[in-house]
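S.K.: Please find one structure pasted underneath; my questions will follow.
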Amino acid sequence: MERPARLCGLWALLLYAGRGGVAAPAESQPPVTNLSVSVENLCTIIWTWNPPEGASPNCSLKYFSHFGNKQDKKIAPETHRSKEVPLNERICLQVGSQCSTNESEKPSILVEKCISPPEGDPESAVTELQCIWHNLRYMKCTWLPGRNTSPDTNYTLYYWHNSLGKILQCENIYREGQHIACSFNLTKVKDSSFEQHSVQVMVKDNAGKIRPSFNIVPLTSHVKPDPPHIKNLSFQNGDLYVQWTNPQNFQSKCLSYEVEVNNSHAETHDIFYVEEAKCQNTEFERNLEGTICFMVPGVLPDTLNTVRIRVKTNKLCYEDDKLWSNWSQAMSIGQKANPTFYITTLLIIPVIVAAAVIVLLLYLKRLKIIIFPPIPDPGKIFKEMFGDQNDDTLAFPTTISSLKSPQLVSPQSTEALTLGLLHNS
C-alpha cells in the first residue's frame, strides 16, 4: 500500500510542475515616452522620460539605459539619468523598459536621445586644455589657441564644482610662452565627499567666434604638491640622516618621496625612492617633532654632500601618481673645500701673467738675438782680415822712394827705416 501511495504523490508533483512550475516567458513592455535631455552647470547632462503607456499592471517597471556602443549599462527604477561628460562630442543615451533587473530579459524597444556639441568651427576650439590642482589650494588650467583663431583673441574660462552655488569666471588669465593659463582658488573643504567630485571647466572667447571647449577634472587626480622643506642633515655611524617637513594639506601616508644625494668629491648622483620614510633609529624617531626622516647609508662625512627632495601623491589616497613636485631647496653637509686656495690662485695667476708680459716686452730684443743670432757678413770679415796688409803694401814704395833721395837720407834715418821694415816683416 505504501508504494502505490508514493507513486501517486510523485505523479501529482509532476503534474503540478508541468502546469504551473515553469514560468511563462515575460511579455515585452511598451517603450518609454517623452524622453528629453538637458544640460545643467557646464557639463552635467540629464535625461528624463515618462513610464510607458499600456504597461502591464503586474509589472514592476525597471528602466534599462546605456550610452553609445552599449557603455555604462544601468537598470534602475528611476525615470532619469545624469552624467558628467565634456560636451566636445555628440552624446546619446538609449532607454528601454522591462519588468526585472535581470540583464538577460529583453527590454522594450529602445528610445534614443542625443545632445550635440556646441556650434562653431571645431578648428577654432582651444586644444590641450588641462588643469592641475596645486597643493590642494588652487587650480591652474592651461591651453593652446585653436588653429583657426586670431592671435588677439580674448579668452574666458568658466568653472563649477559641487561646492559652488553658481558658475564662476576665472579672472586671472595670463600667457606662459605659447600657452594661455588661468588660476583660481580651490581649497579642500572638510567634507569627506569633496574629493569625490569633479571640477567642470569651459573655455571660450568673449566675442563668441570660437567653439567652446570643455573639460572635467576629477579631484582625486591631477594633484601636484608643493616641494617639501629640509629641516636637518646629520651624520651618525657612517649614515646620513635627512629630516624634512611635508607640504601643507597632505598626510604622510598619501605621499611618496625621492631623495637626491650629490657627492662633490666622488661626483656621484644617487636618487633614493622612498615609499615609507623611516630612520630606523630610536633617537631620531623621538626627536622628529612632526618631521619625516630617512636614512641614506654609506655616505662619507669627510666630503661635501648636497641633498634635495621632491614628493608626489600615491594611489593610496589619489588616482593619479604621476605629478612630482618641484625639487626642494638644496642643503649641504660635510667637509667643504677651503675657498682661500682658489681665491689666492685666482689672484696670483693674473699677476704672474702680467709680470711675464712685461718681462717679455722689456727683453724682447735681447730674447730675439738669443733665439735668432745674426748671420756674419763675409765681405766685412775679409775686409777686416786684409785691410791692414793692403795699407802696409801701399806704404812700402813710399819708403823705397825716400831711400833713393840722397839729400833726405841720413845714417840715422836709414837705420830707423831698416828696423821698421824688419819689424813690419
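S.K.: Check off (1) in contact (Cβ under 8 Å) with a residue 40 or more places away in the chain; (2) touching a helix residue (DSSP H, G or I) at 6+ places or on another chain (Cβ under 8 Å); (3) not hydroxyl-bearing (Ser, Thr, Tyr) for Cys92 and give me the number that stays unchecked.
M.R.: If we test Cys92 against (1) in contact (Cβ under 8 Å) with a residue 40 or more places away in the chain; (2) touching a helix residue (DSSP H, G or I) at 6+ places or on another chain (Cβ under 8 Å); (3) not hydroxyl-bearing (Ser, Thr, Tyr), just (1) comes out false.
S.K.: Please go through the range 246-287 and pick out each residue that is at pLDDT 75 or above, open to solvent by less than 40 Å² (accessible area, probe 1.4 Å) and over 22 Å from the mean Cα position of the chain (by Cα).
M.R.: Asn263
S.K.: Assuming Cys293 fulfils every condition listed in (1) outside any strand (DSSP E or B); (2) more than 17 Å from Asp226 (Cβ to Cβ); (3) modelled with pLDDT of 80 or more apart from one, which condition is it?
M.R.: Tallying (1) outside any strand (DSSP E or B); (2) more than 17 Å from Asp226 (Cβ to Cβ); (3) modelled with pLDDT of 80 or more, Cys293 fails exactly one: (1).
S.K.: I would also like to ask the following. Given the residues Glu2, Glu84, Glu27, which is the only one that is open to solvent by 40 Å² or more (accessible area, probe 1.4 Å), of a type in the set (Asp, Glu) and at pLDDT below 60?
M.R.: Just one listed residue meets the conditions, Glu2.
S.K.: Do we have Pro212 as out of contact with any Lys or Arg (no Cβ under 6 Å at 6 or more places or on another chain) and either at positive phi or open to solvent by less than 50 Å² (accessible area, probe 1.4 Å) (or both) here?
M.R.: No: the conditions fail for Pro212.
S.K.: Moving on. Residue check, Cys317 against (1) loosely packed, with under 10 Cβ neighbours inside 10 Å; (2) of a type outside the set (Asp, Glu); (3) modelled with pLDDT of 85 or more, all met but one. Which one?
M.R.: Result: Cys317 fails condition (1) only.
S.K.: Give the range 243-267 a look and list any residue that's assigned to a strand (DSSP E or B) and out of contact with any Lys or Arg (no Cβ under 9 Å at 6 or more places or on another chain), or say none.
M.R.: Asn263
S.K.: Further, regarding this structure: Quick one: would you say Ser36 is open to solvent by less than 60 Å² (accessible area, probe 1.4 Å), in a strand (DSSP E or B), over 23 Å from Ser198 (Cβ atoms) and not aliphatic (A, V, I, L, M)?
M.R.: Yes: the conditions hold for Ser36.
S.K.: Regarding Asn232, is this residue touching a helix residue (DSSP H, G or I) at 6+ places or on another chain (Cβ under 9 Å), free of Cβ contacts under 8 Å to residues at least 60 places away in the same chain and either more than 28 Å from Pro118 (Cα to Cα) or not charged (D, E, K, R) (or both)?
M.R.: no
S.K.: Then there's this: If I filter the range 39-77 down to residues being free of Cβ contacts under 8 Å to residues at least 24 places away in the same chain and among the basic types (Lys, Arg), which single residue comes out as most open to solvent (accessible area, probe 1.4 Å)?
M.R.: Here the answer is Lys70.
S.K.: Which one of the conditions (1) at pLDDT below 90; (2) surrounded by 16 or more Cβ atoms within 10 Å (Cβ to Cβ); (3) closer than 29 Å to Glu260 by Cα does Asn237 fail to meet, given that it meets all the rest?
M.R.: (2)
S.K.: Next question, about the same structure. Looking at the range 79-101, is at least one residue charged (D, E, K, R), in a loop (DSSP other than H, G, I, E, B), farther than 25 Å from Ser221 by Cβ and touching a strand residue (DSSP E or B) at 6+ places or on another chain (Cβ under 7 Å)?
M.R.: Yes, there is a match, as at least one residue in the range 79-101 is charged (D, E, K, R), in a loop (DSSP other than H, G, I, E, B), farther than 25 Å from Ser221 by Cβ and touching a strand residue (DSSP E or B) at 6+ places or on another chain (Cβ under 7 Å).
S.K.: Does the range 198-210 include one or more residues that are out of contact with any Ser or Thr (no Cβ under 8 Å at 6 or more places or on another chain), of a type in the set (A, V, I, L, M, F, W, C) and outside any loop (DSSP other than H, G, I, E, B)?
M.R.: yes
S.K.: Of everything in the range 136-159 that's out of contact with any helix residue (DSSP H, G or I) (no Cβ under 6 Å at 6 or more places or on another chain) and of a type in the set (Val, Ile, Thr), which residue is nearest to Asn246 (Cα to Cα)?
M.R.: Out of the qualifying residues, it is Thr142.
S.K.: Within the range 134-176, can you find the residues that are closer than 16 Å to Val201 by Cβ, among the hydroxyl-bearing types (Ser, Thr, Tyr) and open to solvent by less than 30 Å² (accessible area, probe 1.4 Å)?
M.R.: Within the range 134-176, Thr142, Tyr155, Thr156, Tyr159 qualify.
The values are calculated or read from the model by the stated rules, or taken from the named source; none is laboratory data. Here the structure is a predicted model, which means the values were calculated and not measured. Ideal geometry is used to build each Cβ from the backbone, glycine not excepted, and the neighbour counts take in all protein chains shown. Side chains are part of the model used for accessible areas, which takes the heavy atoms of the whole protein and leaves out ligands, DNA and RNA. Shrake-Rupley method; radii C 1.70, N 1.55, O 1.52, S 1.80 Å.
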